[in-house]
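Here's the structure we're looking at; comments come further down.
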Amino acid sequence: MSPLSAVLLTTLILTSCHAQAEGLLSRVESFQAVQRQAFKLASLEQKPVVRAAFQLHLAHAYGDLALSRATDDELSALLQAADALAFYSQAPEDVDLVHRVLQRLERRGAATDDERAMYFRGLVEVRRFDEARRYSTAHPSMDVEAMPDLVDAMDSTEGPVVYEVAAHSFALRKQRRSLSRGIHLIVVAHPLCRYSRDAMKAIAADRAFAPVLQSHTTWIAPISRWLYFDTLQA
């Protein structure tokens, strides 16, 4: 655990006695303050710190009764807090929490396209592409990227599920990738990352190494709230 992570967790423990006595918007602000500090941590340390802060300050704010009593401004703040949690956790249940608050705003006629876009991007992050496409169709005024077609190419039960960008169509192929064929490298890279581009160019220029790497490597893009489909396809 890094020193900053330890400080943040200690601060949460020391403030736990009076956290629930704060007003709802103050509790959201307290959570967001920890979240901003957690952004400075290493990736593996961010999730437990953000979730601990969320549980301390806001765990009881998302029940049906609590949401029904919240003002529109408080619901918007709770939506942003749940979206921040989902961003760090990349957990489907946290995206569902965003949707729960959003539904309350929708019923009141208070939801905005920016708030709907938060939910859409959460769906993309947890790879619920069909739901994201349906949601985008239902709310065409959102400023979000178009969702490609999803082709089910699952012809195996072995290996993790991957989504392969189709070479010549606006589609993703859902399939399993076997990783049991001897030595195999998993490369996490993205064309928008300068270091990734430099590595791709160096590998492609090495006539001896490139063919070996090609036959023993699976390249994957890091999970994100944006697909950047055109970039990946190019």
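Which condition does residue 143 not pass, out of (1) closer than 18 Å to residue 220 by Cα; (2) outside the structural domain of residue 91 (by TED's automatic domain parsing); (3) out of contact with any Gly (no Cβ under 8 Å at 6 or more places or on another chain), if it passes all the others?
In the conditions (1) closer than 18 Å to residue 220 by Cα; (2) outside the structural domain of residue 91 (by TED's automatic domain parsing); (3) out of contact with any Gly (no Cβ under 8 Å at 6 or more places or on another chain), residue 143 misses (1) alone.
Can you tell me which of (1) in a helix (DSSP H, G or I); (2) touching a Ser or Thr at 6+ places or on another chain (Cβ under 9 Å) is the one residue 82 doesn't meet?
(2) is the only condition that residue 82 fails.
Give the residue, chosen from 115, 93, that is surrounded by fewer than 13 Cβ atoms within 10 Å (Cβ to Cβ) and over 30 Å from residue 216 (Cβ atoms).
Going through 115, 93 in turn, the sole match is 93.
In the stretch 132-148, what count of residues is obtained for those that are surrounded by 10 or more Cβ atoms within 10 Å (Cβ to Cβ) and under 16 Å from residue 115 (Cα atoms)?
Within the stretch 132-148, residues that are surrounded by 10 or more Cβ atoms within 10 Å (Cβ to Cβ) and under 16 Å from residue 115 (Cα atoms) number 7.
Which one of 111, 66 is part of a helix (DSSP H, G or I), of a type in the set (Gly, Ala, Ser), more than 14 Å from the chain's Cα centre (by Cα) and under 27 Å from residue 23 (Cα atoms)?
Result: 66 is the single residue among 111, 66 that is part of a helix (DSSP H, G or I), of a type in the set (Gly, Ala, Ser), more than 14 Å from the chain's Cα centre (by Cα) and under 27 Å from residue 23 (Cα atoms).
Is one or more of the residues making up the stretch 41-49 closer than 24 Å to residue 117 by Cα, in a helix (DSSP H, G or I), assigned by TED's automatic domain parsing to the domain that holds residue 115 and of a type in the set (A, V, I, L, M)?
no
Inside the stretch 196-234, can you point out the residues that are of a type in the set (D, E, K, R), in a loop (DSSP other than H, G, I, E, B) and surrounded by 13 or more Cβ atoms within 10 Å (Cβ to Cβ)?
If the condition is that a residue be of a type in the set (D, E, K, R), in a loop (DSSP other than H, G, I, E, B) and surrounded by 13 or more Cβ atoms within 10 Å (Cβ to Cβ), then 225 is the only one that fits.
Is it the case that some residue within the stretch 71-83 is among the hydroxyl-bearing types (Ser, Thr, Tyr), under 26 Å from residue 127 (Cβ atoms) and surrounded by 15 or more Cβ atoms within 10 Å (Cβ to Cβ)?
Checked the stretch 71-83: no residue is among the hydroxyl-bearing types (Ser, Thr, Tyr), under 26 Å from residue 127 (Cβ atoms) and surrounded by 15 or more Cβ atoms within 10 Å (Cβ to Cβ).
For residue 61, work out the one condition from (1) in a helix (DSSP H, G or I); (2) more than 14 Å from the chain's Cα centre (by Cα); (3) not hydroxyl-bearing (Ser, Thr, Tyr) it doesn't fulfil.
For residue 61, the exception is condition (1).
Among the residues of the stretch 152-164, are any at pLDDT 95 or above and closer than 18 Å to residue 228 by Cα?
Scanning the stretch 152-164 turns up no residue that is at pLDDT 95 or above and closer than 18 Å to residue 228 by Cα.
If you take the residues of the stretch 149-171 that are touching a helix residue (DSSP H, G or I) at 6+ places or on another chain (Cβ under 8 Å) and not in a strand (DSSP E or B), which of them is surrounded by the fewest Cβ atoms within 10 Å (Cβ to Cβ)?
By that ranking, first place goes to 167.
Taking residue 110 as the residue in question, decide whether it is at pLDDT 95 or above and touching a Ser or Thr at 6+ places or on another chain (Cβ under 9 Å).
Yes, satisfied.
The values are calculated or read from the model by the stated rules, or taken from the named source; none is laboratory data. Because the structure is predicted, anything quoted here is derived from the model rather than measured. Cβ coordinates were reconstructed from backbone atoms using ideal geometry, including for glycine residues, and neighbour counts include every protein chain displayed.
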